[in-house]
Each structure stands twice: as C-alpha cells, then as structure tokens.
Amino acid sequence: MALAIRLNRIGGKGKPYYRVVAVDTRTAPQAGKSLEQLGSYDPRAKDGFKVNFEKLDGWLKKGAKASPTVARLIERTRKAAAAQ
C-alpha cells in the first residue's frame, strides 16, 4: 500500500488551516478520504503544529512517507521539544 502523510486544507479563503492526515495515495485524491487524522496545523499561530506522535510514528513504521512540508514541520517540532 502506498501511504503518505500530508496536509489537507480545510481553512477558508485567506484563513489557512490544515489537518495532518494519513492517506492511501493510490485511491485518495488530493482532498479525498483519509485513513486517519493525526493532527492539525495552523500556520498563523506561533505553535500551530499539533500532532499525535504515537499515531504518527505508527504510520511511519507501516511505511508511510511524509510530504516534504510535513517532514519539515515534524523535524522542527521534535528539535524544539528536545531543546526544552
């Protein structure tokens, strides 16, 4: 199964807001059904990236690949958590 972890935009015009979702890339179009919601991302908020890392790590172990944007957000969040 080709799995991906990517952002799904749900915000309105000029008010971006995203869900972090796991999807099957072969069957799900860009804004189609997701297998599971893992978190959310609000680019307008200072700490706007919230994700359940247990679920995220589970999907990554199953072979899911994070999109470049999601991978960058995960890396940034883990570095910030390790620095505290």
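Just so it is clear, none of the values below were taken in a lab; they were calculated from the coordinates. Bear in mind that the values here come from a model prediction, so they are computed numbers and not experimental data. Glycine also receives a Cβ, built like all others from the backbone with ideal geometry; neighbour counts cover every protein chain displayed.
Numbers below:
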{"read-out": "Where labels lie 7 Å past Cα in the beta-carbon direction, separation of Leu3 and Thr27 in nm", "value": "1.4"}
{"read-out": "Amide H contacts of Lys65 (H built 1.01 Å from N, under 5 Å, at least 5 apart or other chain)", "value": "Leu3, Ala4, Ile5"}
{"read-out": "Spatially proximal lysines relative to Lys79 (Cα-Cα < 17 Å; intrachain offsets below 8 disregarded)", "value": "Lys46, Lys50"}
{"read-out": "Cα extents of the chain along the three principal axes, largest first (Å)", "value": "38, 34, 18"}
{"read-out": "Average Cα contact separation per residue, segment 3-83, under 8 Å, 6 or more apart, as relative contact order %", "value": "28"}
{"read-out": "Ranked list, fewest to most other Cβ atoms within 10 Å of each Cβ, for Ser40, Ser67", "value": "Ser67, Ser40"}
{"read-out": "Beta bridges by DSSP in the chain, antiparallel share as percent, to the nearest 5", "value": "90"}
